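**Q** I have a structure here, written as structure tokens, and I will follow up with some questions on it.
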Amino acid sequence: MRGAMLGARLAELGPHSTGQHTVTSLAVPNAGSLIQSVDWVAIAPPLIAAVAALAVLVADLFLPERHKKWLGRLTAASLALALISLLPLTGGSPRATFCAQNVAGATDNAGCSYVADHFALVFQLLALGGALIAALLSAHTVESEKLPGGEYWFLLLSSATGAALLPASRDLATMVIALEVASLPAFALVALRRDGRGAEAALKFFVSSVTATAVMLLGVGFVYAASGSLHLGAIAEGLEHAPAQLKPLAEAGAVLTLVGFAFKVAAVPFHFWVPDTYTGAPLPVAGYLSVVGKAAGLSGLALATTVAFRPYAHTWGLVLAVLAAVTMTVGNVGALRQRFDTRYSAVRLLAWSSVGQAGYLLVPLAAAGYAPTAADPLGATAAYALIYGVVNLGAFGVVAAVGRRAGTSVDDFRGLFARSRWTSLALAFFLLCLAGLPPGVIGLFGKVVVFRAAVDAGLGWLAVVMAVNVVVALYYYLLWTARLFAPAPAPVVEGEGEADAERRLPISLTATLGLTASAAVVLSVAPQLVLQVAGGSLF
């Protein structure tokens with residue numbers, strides 16, 4: 001039987017003659033098309049982070065304890081190098097690699113699994129830049145809380161690798177892998193704090209994330225069954241011409257697929273893990289999750305909706321519009337309910353604020369469902385995400401600086417201006433940027449860009465909901481800002497040396513606050529540096 005099957009297969013391949021003998025060719029036609037050359041320049045940003053993660057893990061085995069601080073410096077240097085590797089990709093046409101030769105419905109780079117286009121570069125800048133700031137912020141935390149340095153830096157770099165890979169992914173399989181590479185190390189990062197709260201926070205984060213991933217994988221299976229492909233461009237083509245009996249399966253798959261990305265963005269009702277996880281995690285990890293984790297989920301959500309599920313644009317456009325309205329409302333109401341005198345209230349306030357900000361980030365995505373070309377509103381999301389990333393990490397940096405000697409309740413910031421003038425001014429500026437008030441001009445411009453995207457798409461009701469929520473958010477942002485300049489509580493008698501030590505920030509914290517504050521000020525003076533992202537096409 002096997003011989004008959006082999007003979008039939010040889011007959012299909014066909015014979016050819018060499019001299020006096022007839023030789024059967026076992027080679028496939030055009031075998032060279034199966035061999036791909038990898039564009040190493042295109043994949044350099046996530047690749048550098050991945051190689052650095054392995055290098056840190058190996059170096060941790062051999063370095064003596066007194067030299068373990070060099071691992072943090074290696075992490076920061078590697079992330080800076082990954083950011084620099086974005087520069088060669090900024091000019092010219094998009095670069096693609098890992099491309100399938102025959103993908104149904106493929107046009108241009110639609111059959112490629114990795115595309116370094118404008119969209120990918122913007123979100124890779126946010127992911128790697130946010131990870132770099134988190135690494136600077138972590139240097140003092142790892143030392144003061146006696147966290148295992150080798151594991152910490154390895155996990156941070158690994159998560160950053162996934163976050164940088166996701167925006168450039170162009171098939172659902174790569175997107176799922178990138179999302180999990182970004183998420184799995186984050187569970188361990190949250191659990192590294194050994195005070196009991198870290199384990200509880202990590203468990204809540206893990207259980208909810210695994211559930212969302214399982215639902216997402218089920219949706220990916222449905223989409224593949226309905227479209228016959230995993231490449232985003234081919235999925236759109238397949239869904240558009242899918243038989244009528246498969247459309248319910250395709251629609252269900254699209255909804256379930258978006259669940260995993262909505263979880264990472266912390267959109268309602270997938271937001272419940274955020275306050276407890278941020279409170280239980282080390283502060284730099286909370287800041288990292290609020291920016292880099294959100295950026296990863298946002299990029300995946302944007303790609304899945306605007307590219308793969310474009311035939312269902314009006315359906316997911318309406319769903320995202322409702323999701324944005326509910327998310328920003330729940331986030332701001334949750335922030336309003338926080339008592340300022342409770343322990344960790346500053347972190348919980350920033351956590352609920354990040355949920356509200358997620359709602360603003362979803363507004364342009366919803367508008368993309370109603371726009372003639374989805375790339376135009378996406379620029380507003382990218383611009384606002386860059387602005388939010390800078391100021392939110394800066395706010396977490398100030399909370400970490402104040403928490404060294406005082407605490408992390410909002411009332412612990414009362415009279416901060418009298419104790420540490422520049423630190424209080426930095427926090428006030430960050431909060432005003434988040435609120436969208438001058439002199440935080442860049443925050444105001446970011447909200448105007450998002451507001452305009454909703455109006456241009458005909459979503460007037462969503463613009464009204466957003467305007468109401470912006471006014472509501474002013475209340476708690478301004479209350480916190482006012483406490484910075486309120487009369488300080490009665491000082492505790494302490495030695496002069498202790499007072500000087502409190503005023504002196506570690507170099508890493510100083511670098512974090514200086515970098516984020518300088519970036520926010522520069523963007524407020526020259527907002528066109530980031531707002532030009534909103535005016536150009538990302539694809």
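The values are calculated or read from the model by the stated rules, or taken from the named source; none is laboratory data. What you see is a predicted model; the values in this text were computed from it and never measured. Heads up, the Cβs are rebuilt from the backbone with ideal geometry, glycines too, and the neighbour counts pull from every protein chain shown. With ligands, DNA and RNA removed, areas are computed over all heavy atoms of the protein, side chains included. Shrake-Rupley method; radii C 1.70, N 1.55, O 1.52, S 1.80 Å.
**Q** Would you confirm whether any residue within region 432-453 is open to solvent by 10 Å² or more (accessible area, probe 1.4 Å), aliphatic (A, V, I, L, M) and outside any helix (DSSP H, G or I)?
**A** Yes: one or more hits.
**Q** Now a separate question. State the number of residues belonging to region 206-248 that are farther than 20 Å from V176 by Cα, surrounded by fewer than 16 Cβ atoms within 10 Å (Cβ to Cβ) and not small (G, A, S).
**A** 6
**Q** Considering only region 457-482, state which residues are modelled with pLDDT under 90 and in contact with a helix residue (DSSP H, G or I) (Cβ under 7 Å, 6 or more places away or on another chain).
**A** Those that are modelled with pLDDT under 90 and in contact with a helix residue (DSSP H, G or I) (Cβ under 7 Å, 6 or more places away or on another chain): A457, L459.
**Q** Let me ask something else. Identify the single condition in (1) among the charged types (D, E, K, R); (2) open to solvent by less than 40 Å² (accessible area, probe 1.4 Å); (3) touching a Gly at 6+ places or on another chain (Cβ under 6 Å) that D171 does not satisfy, given that it satisfies every other one.
**A** (3)
**Q** Given (1) buried (at least 24 other Cβ atoms within 10 Å of the Cβ); (2) touching a His at 6+ places or on another chain (Cβ under 9 Å), where does S113 come up short, assuming only one miss?
**A** All conditions pass for S113, except number (1).
**Q** Please find, among A304, A286, A313, A308, the residue that is under 22 Å from F119 (Cβ atoms) and either free of Cβ contacts under 8 Å to residues at least 40 places away in the same chain or within 17 Å of the chain's Cα centre (by Cα) (or both).
**A** Among A304, A286, A313, A308, only A304 is under 22 Å from F119 (Cβ atoms) and either free of Cβ contacts under 8 Å to residues at least 40 places away in the same chain or within 17 Å of the chain's Cα centre (by Cα) (or both).
**Q** If V176 satisfies all but one of (1) at pLDDT below 90; (2) closer than 22 Å to L47 by Cα; (3) out of contact with any Asp or Glu (no Cβ under 7 Å at 6 or more places or on another chain), what's the number of the condition it fails?
**A** (1)
**Q** Does any residue of region 46-67 turn out to be out of contact with any strand residue (DSSP E or B) (no Cβ under 9 Å at 6 or more places or on another chain), of a type outside the set (D, E), in a helix (DSSP H, G or I) and modelled with pLDDT under 85?
**A** Within region 46-67, one or more residues are out of contact with any strand residue (DSSP E or B) (no Cβ under 9 Å at 6 or more places or on another chain), of a type outside the set (D, E), in a helix (DSSP H, G or I) and modelled with pLDDT under 85.
**Q** A further question follows. Collect the residues in region 334-369 that are without any contact (Cβ under 8 Å) to a residue 60 or more places away in the chain and open to solvent by 10 Å² or more (accessible area, probe 1.4 Å), keeping them in residue-number order.
**A** Selection gives R337, R339.
**Q** Quick check on my filter: what residues within region 219-250 are part of a helix (DSSP H, G or I) and among the hydroxyl-bearing types (S, T, Y)?
**A** The answer is Y224, S227.
**Q** Shifting gears a bit: Hey, V330 hits all of (1) modelled with pLDDT under 90; (2) surrounded by fewer than 22 Cβ atoms within 10 Å (Cβ to Cβ); (3) in contact with a His (Cβ under 9 Å, 6 or more places away or on another chain) but one; which does it fall short on?
**A** All conditions are met except number (1).
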